[in-house]
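The values are calculated or read from the model by the stated rules, or taken from the named source; none is laboratory data. Quantities reported herein were computed from a predicted structural model and do not represent experimental measurements. Ideal geometry is used to build each Cβ from the backbone, glycine not excepted, and the neighbour counts take in all protein chains shown. Side chains are part of the model used for accessible areas, which takes the heavy atoms of the whole protein and leaves out ligands, DNA and RNA. Shrake-Rupley method; radii C 1.70, N 1.55, O 1.52, S 1.80 Å.
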Amino acid sequence: MTRTATRNPVETTAVRQVEAPPPVGGRGRRRLLDQARAYAFLIGGLICFALFSWYPAIRAVVIAFQKYTPGSSPEWVGTANFTRVWHDPEFTAAWRNTLVFTLLALLIGFAIPFVLALVLNELRHWKAFFRVVVYLPVMIPPVVTALLWKWFYDPGAGLANETLRFLHLPTSNWSNGTDTALISLVIVATWANLGGTVLIYLAALQSIPGELYEAAELDGASLLQRVRHVTIPQTRFVILMLMLLQIIATMQVFTEPFVITGGGPESATVTVLYLIYKYAFLYNDFGGACALSVMLLVLLGAFSAVYLRLTRSGEDDL
């Protein structure tokens, strides 16, 4: 005969009181407070973003259709600003220089970081040291970088020509020559932004399964064949994303031509963003500057749409 244990009702009530969860009302108030704090931070960020990003963009689109000078009331002129800017002789030069700069940046500044990432990924010693060395230029302020390279390119006592003279090689005008100024600025931009791109590539390379390389080595694949058939296919999404981001960034180049060349010589380094600066702060023509800004906004918006579409499709594939 089995005896069933009986529990004292007083003890049962005490156990229930000890094990009872906290009141629902207190938990609900705590959850509401957490949500209120989160929305407060979110609203604050949205307000700052609206004041310093959305409002200036919308205001620029409005001014693009107005004759606007500080101290006078704006006058609606329709598309006159776009027509005037379109017929500016520097308009064609600015867009040509910007597109050439972007193309050169892709040819020079897109391959070098990938090769450096491959080299760093194969290192067995001093990995951290070389990563810091590669990333150092990113930590230097852009204006300081441009000033350093301006001294480096000085045709007289600059380090570049002094090195060439020491090696008994012909010197160059570098940033002072119409044929070499733009490529000189591309070198500066590539050096300044190299570190971040290398680290992104390095992270992508380290995510590739090692079994793929082992299988390729067993099949007798050389180093170049492993890069072609394993590395590039496994990192193609990252490569494409960085390419689009680099196009968007290089089409907004301003610091290098502003500090190093001043748009010269003979408008050889005038870019779209530098021309916008000239319209706004040299010509005092804010309508023309905003018209140029809208043109650039439309073009970069198209690249951004492609970037977002590819990012979404890449996340779906993952």
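Annotations for the structure displayed:
- Filtering L116, L147 for residues that are surrounded by fewer than 18 Cβ atoms within 10 Å (Cβ to Cβ) and either in a helix (DSSP H, G or I) or not assigned by TED's automatic domain parsing to the domain that holds S293 (or both) leaves a single hit, L147.
- Verdict on T271 being open to solvent by 30 Å² or more (accessible area, probe 1.4 Å), over 23 Å from F114 (Cα atoms) and more than 14 Å from the chain's Cα centre (by Cα): no
- Search result, residues across segment 256-300 that are over 23 Å from K67 (Cβ atoms), part of a helix (DSSP H, G or I) and in contact with a Ser or Thr (Cβ under 7 Å, 6 or more places away or on another chain): P257, I260, T261
- Any hit, segment 51-66, residues being in a loop (DSSP other than H, G, I, E, B) and farther than 21 Å from M241 by Cβ: yes
- Residue under evaluation R124, criteria (1) of a type in the set (K, R); (2) surrounded by 11 or more Cβ atoms within 10 Å (Cβ to Cβ); (3) in the same structural domain as P257 (by TED's automatic domain parsing), criterion not met: (2)
- Subset of segment 181-233 that is farther than 15 Å from Q246 by Cβ and among the polar types (S, T, N, Q) - its residue that is modelled with the highest pLDDT: S184
- All positions within segment 25-57 that are open to solvent by less than 70 Å² (accessible area, probe 1.4 Å) and closer than 24 Å to C290 by Cα: A50, S53, P56, A57
- Failed condition for V134, given (1) surrounded by fewer than 18 Cβ atoms within 10 Å (Cβ to Cβ); (2) in the same structural domain as F101 (by TED's automatic domain parsing): (1)
- Residue match in segment 110-119 (condition: free of Cβ contacts under 8 Å to residues at least 24 places away in the same chain and either more than 24 Å from I248 (Cβ to Cβ) or more than 21 Å from the chain's Cα centre (by Cα) (or both)): yes
- Residue in segment 89-105 that is charged (D, E, K, R), touching a Lys or Arg at 6+ places or on another chain (Cβ under 9 Å) and open to solvent by less than 60 Å² (accessible area, probe 1.4 Å) present: yes
- Pair list, Cβ under 7 Å, 6 or more apart: segment 59-81 residue among the basic types (K, R), other residue part of a helix (DSSP H, G or I): K67/G287
- Out of V253, V238, one residue alone is in a loop (DSSP other than H, G, I, E, B), under 18 Å from the mean Cα position of the chain (by Cα) and modelled with pLDDT of 85 or more. It is V253.
- Scoring V230 on the criteria (1) within 30 Å of F101 (Cα to Cα); (2) touching a Phe, Trp or Tyr at 6+ places or on another chain (Cβ under 7 Å) leaves a single failure, condition (1).
- Contact map, segment 260-272: residues that are without any contact (Cβ under 8 Å) to a residue 40 or more places away in the chain paired with residues that are in a loop (DSSP other than H, G, I, E, B), Cβ distance under 7 Å, separation 6+ or inter-chain. Pairs shown: G263/T269; G263/V270.
- Top-ranked residue in segment 160-178 [being touching a residue at least 60 places away in the same chain (Cβ under 8 Å) and assigned to a helix (DSSP H, G or I); ranked as least open to solvent (accessible area, probe 1.4 Å)]: S175
- Answer residue from segment 230-254, given it is open to solvent by 40 Å² or more (accessible area, probe 1.4 Å) and touching a residue at least 60 places away in the same chain (Cβ under 8 Å) and is farthest from L292 (Cα to Cα) among those: F237
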